[in-house]
Amino acid sequence: MSEKKAPLWHGRFEEGPSAEAVAFETSIHVDSRMAEDDIRGSVAHATMLGKRGIIPAPEAEAIARELSAIASELKSGALAIDERAEDIHSFIEGVLTDRLGDVGRKVHTGRSRNDQIALDERLYLKRAVPGVARSVASLVATLSRIARGHLDTLMPGYTHLQRAQPVTLAHHLAAWCWPLVRDHGRLSDALVRLDAMPLGAGALAGSGLPLDRASVASDLGFPGLTPNSLDTVSDRDYCLEIVSALSILMTHLSRFCEEVVIWSTEEFGFINLSERWSTGSSIMPQKKNPDFAELIRGRAGKVYGNLVALLAMMKGLPLSYNRDMQEDKESLFAAIDTASSCLSVFEQMIGSAEWRTDRMEAACTGGHANATDLADYLVRKGMPFRTAHSVAAGVVRDCVEAGVRDMRDLPFERLASRSPLIARDVLDVLAPEAGVAARDLPGGPNPARVAEQLDALDVFALSALAE
Ligand code: ARG
């Protein structure tokens, strides 16, 4: 551990902490990513102090000017974060004080690091989360574009990973878009709720100085104020909400990735990942592995870990601020970073894949995925559904006994022997494309219905990407 930096404040202590204690409590290696947010908040705070005459206006201006200089120097690299500082707040305040002396020592008037960190986190999230939401919308746009080209591409739909009923690739891809639309909604919704300005809560009990919370809020682009000072410094719901939303998003990505893994097997062969988004094996020369899909699937677990860490950290904490809460940033940032990189890689992986439509269409026959269509045919002819279900099951049994993979290949007499209602026109409804076309309720796989879904998804993606 390097030498401790001279502290900004001694408080009541005569003795400084040991190097080990400093190393233990420091958070600068994590919270320095909020440097620009911390500075923005301090500029707004100092400006308000000057306007209110709590500190002389020229001093407030000097503070704001120096803070802006510090921000540009940090950006250009002319000023480096001093890892010996305790946290980003004390680092920035320390630099300011080194440069402005007593004037710098006024910036923290009427403020605590407890309301300061709540502000920094909210400013950071307002800056970072829209980018994640945009990546979600971009993925929806990519999937919708791919789907548009496959409105008529037949593939088996699965339940229990068993062929169930024929659908189309477009229908299947659109099915993965809607969870993403909901993910986008959850992220946007969390952003609305966290959009309240915390400064003025002080350490926990507000301030007796005539601060102007409303002007700081409007200066920083917040539509309103947090309503209770105790709640303000003890609330981390916004972290829990964002990381919950990201966990659900990762659940969706992991499930889609599981399909990519299954689909890229020789056995399925529905998808051929580009070489760019595949890996080889160190020993087996023939291998082309879907490692990126597996990594995304695996990283979902890390984001859940971040969420559980946050929940466990907050559980049972009494009001108001408790130092436990300093640990929130590691989980919060890790979840945002993981989800962001997974979204980017997933979109490129899926966007560059080749779709083996021949294999999908071939898989539509052979599993009797048209048995429900046979039952529906009989229902249309007046048979009660339960009876139709058992007639169709009988036909499937006949196929199994006769070693026939598709009921259309049974001798017609044998097919018809199961019910007097079965006529030659049954062959028209048993083709997979007929089954897909017939299922034309809103939300169904009929190509026109799916095209409507894609239109709605495009409207969503366009407006979300324009935000
Ligand atoms: N770095 C702390 C955090 O992230 C803020 C400082 C508050 N520290 C304190 N002892 N009250 O939560």
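Each reported figure results from applying straightforward, stated rules to the coordinates on display, with no laboratory input. Here the structure is a predicted model, which means the values were calculated and not measured. Glycine gets a Cβ as well: all are built from the backbone with ideal geometry, and neighbour counts include every protein chain shown.
Checking Val233, Val243, Val261 one by one, the residue that is buried (at least 22 other Cβ atoms within 10 Å of the Cβ) and within 23 Å of the chain's Cα centre (by Cα) is Val243 and no other.
Within segment 12-36, residues that are touching a residue at least 40 places away in the same chain (Cβ under 8 Å) sit with their Cβ atoms under 7 Å from residues that are of a type in the set (S, T, N, Q) and surrounded by 14 or more Cβ atoms within 10 Å (Cβ to Cβ), at 6+ positions apart or across chains, in these pairs: Ser27/Gln326. Scanning segment 189-225 for residues that are closer than 14 Å to Leu123 by Cα and not in a helix (DSSP H, G or I) turns up Leu194, Asp195, Ala196, Met197, Pro198, Leu199, Gly221, Phe222, Pro223, Gly224, Leu225. Beta carbons closer than 6 Å, at least 6 apart along the sequence or on distinct chains, pair a first residue in segment 111-128 that is farther than 18 Å from Ser32 by Cβ with a second that is of a type in the set (A, V, I, L, M) and more than 11 Å from the ligand (Cβ to nearest atom) for Asp115/Leu199; Asp115/Ala201. The single condition among (1) surrounded by fewer than 15 Cβ atoms within 10 Å (Cβ to Cβ); (2) away from the ligand (no atom under 16 Å from the Cβ) that Arg323 does not satisfy is (2).
Got a number for residues in segment 109-126 being of a type in the set (Ser, Thr, Tyr) and away from the ligand (no atom under 15 Å from the Cβ)?
Residues that pass the stated criteria total 1.
Here Arg148 does not qualify as within 16 Å of the ligand (Cβ to nearest atom), more than 16 Å from Ala363 (Cα to Cα) and of a type in the set (Lys, Arg).
Under the condition of being surrounded by 20 or more Cβ atoms within 10 Å (Cβ to Cβ) and of a type in the set (A, V, I, L, M, F, W, C), the residues counted in segment 24-54 number 8.
Annotation: of all residues in segment 63-108 being within 16 Å of the ligand (Cβ to nearest atom), among the β-branched types (Val, Ile, Thr) and outside any loop (DSSP other than H, G, I, E, B), the one that is farthest from Ala46 (Cα to Cα) is Ile88. Only one of the numbered conditions (1) over 30 Å from Val260 (Cβ atoms); (2) without any contact (Cβ under 8 Å) to a residue 24 or more places away in the chain; (3) among the hydrophobic types (A, V, I, L, M, F, W, C) is not met by Ala362, and that is (1).
Within segment 361-377, the set of residues being touching a helix residue (DSSP H, G or I) at 6+ places or on another chain (Cβ under 8 Å) and assigned to a helix (DSSP H, G or I) comprises Glu361, Ala371, Thr372, Asp373, Leu374, Ala375, Asp376, Tyr377. Just one of the numbered conditions (1) part of a helix (DSSP H, G or I); (2) closer than 25 Å to Ala245 by Cα; (3) touching a residue at least 24 places away in the same chain (Cβ under 8 Å); (4) more than 18 Å from the chain's Cα centre (by Cα) is not true of Leu317: (1). The set of residues in segment 328-360 being more than 20 Å from Gly301 (Cβ to Cβ), in a helix (DSSP H, G or I) and of a type outside the set (Asp, Glu) consists of Lys329, Gln348, Ile350, Gly351, Thr357, Arg359, Met360. All of Val107, Val167, Val136, Val129 fail the test of being closer than 30 Å to Ser463 by Cβ, of a type outside the set (Asp, Glu), more than 27 Å from the chain's Cα centre (by Cα) and crowded, with 20+ Cβ neighbours inside 10 Å, apart from Val167.
Table: residues versus (1) among the β-branched types (Val, Ile, Thr); (2) in a helix (DSSP H, G or I).
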residue: Ala128; (1), (2): no, yes
residue: Ala137; (1), (2): no, yes
residue: Val140; (1), (2): yes, yes
residue: Ala147; (1), (2): no, yes
residue: His150; (1), (2): no, no
residue: Arg163; (1), (2): no, no
residue: Pro166; (1), (2): no, no
residue: Ala170; (1), (2): no, yes
